[in-house]
Each structure stands twice: as structure tokens, then as C-alpha cells.
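Notes for the one structure printed next.
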Amino acid sequence: MDYILLKYRFRISVKDVQTLPGAEIDSDHNLLVCKVRTRLKKIIRFQKSRPRWDLEKLYAQRQTVQDTLEEKLCAFECESGNAEVQCKNIKEYVLDIISNLVGKVEKRAKKP
């Protein structure tokens, strides 16, 4: 008798077992072939976390944020330059205003 050995926890993943009696090997045993379903674990890669803005404060101070952005962008319209530079400057203005007026949300520990 020939056996296939595997751990008890993997017994469900065995789908089919066959013997191949005509296989040419120098032995009195029959060759066993086993079909196994494998499940691969998802690899979790840590990404750089983006800042999470406090949206409740943003909605509460909506008008002040909007007014401040309009003032900054009106002053910015007078400047001329490359489109990429202008886009970068607008992004910096928005992030600066939101970080000053709104702030970030602190991470809360997850309960197990």
C-alpha cells in the first residue's frame, strides 16, 4: 500500500488521488498522483499612509476655508508661468490652508 502524507489541516485541499500502475519505475509499488488545490495568502504591502483630514471641522469651517482659498487663488492668478508649476503651487496653497485651518484626524486604536 502506498500513501500520500500531508498535515491534517490540509486534508480538505486534496481533490483527487490516482494510481499509475504502468509507470516504469524499478519498484514493486505503484506511483501515486495527487491533485491538490492551493490557496495563496495575500501579500500585504505597507503603503505610506496619506494624511486624513478632519472632515467635520472642514464642514464646520467651510466658509472660512472657502474665503481663504479664494484670496490666495486671486493673488495667484496674477503670476504667470508653466502649467506644471502653477498646478504645484495651487496644490501647496490648498494643503497649507487645510492643514492650518482644519488639521488631521488622529488615529484611533482598533479594538480587537
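Here V102 fulfils each of the conditions (1) modelled with pLDDT of 80 or more; (2) of a type outside the set (G, A, S); (3) over 28 Å from the mean Cα position of the chain (by Cα) apart from (3). The set of residues in the range 35-63 that are exposed (fewer than 12 other Cβ atoms within 10 Å of the Cβ) and either part of a strand (DSSP E or B) or touching a helix residue (DSSP H, G or I) at 6+ places or on another chain (Cβ under 9 Å) (or both) comprises K35, R37, T38, R39, P51. A single member of R62, R37 is farther than 30 Å from V105 by Cα and basic (K, R), and it is R37. State whether the residues of the range 32-46 include one that is over 33 Å from the mean Cα position of the chain (by Cα) and of a type outside the set (A, V, I, L, M, F, W, C). Among the residues of the range 32-46, not one is over 33 Å from the mean Cα position of the chain (by Cα) and of a type outside the set (A, V, I, L, M, F, W, C), which makes the answer no. Any residue at all in the range 76-85 that's assigned to a strand (DSSP E or B) and surrounded by 12 or more Cβ atoms within 10 Å (Cβ to Cβ)? Scanning the range 76-85 turns up no residue that is assigned to a strand (DSSP E or B) and surrounded by 12 or more Cβ atoms within 10 Å (Cβ to Cβ).
Would you call D2 touching a Leu at 6+ places or on another chain (Cβ under 8 Å), among the charged types (D, E, K, R) and either closer than 30 Å to K104 by Cα or free of Cβ contacts under 8 Å to residues at least 60 places away in the same chain (or both)?
Working: touching a Leu at 6+ places or on another chain (Cβ under 8 Å): yes; among the charged types (D, E, K, R): yes; either closer than 30 Å to K104 by Cα or free of Cβ contacts under 8 Å to residues at least 60 places away in the same chain (or both): yes.
Taking the combined requirement at face value, the residue satisfies it.
The values are calculated or read from the model by the stated rules, or taken from the named source; none is laboratory data. Everything quoted here is computed from the prediction, not taken from an experiment. Cβ sites come from the backbone with ideal geometry, for glycine too, and all protein chains shown count toward neighbours.
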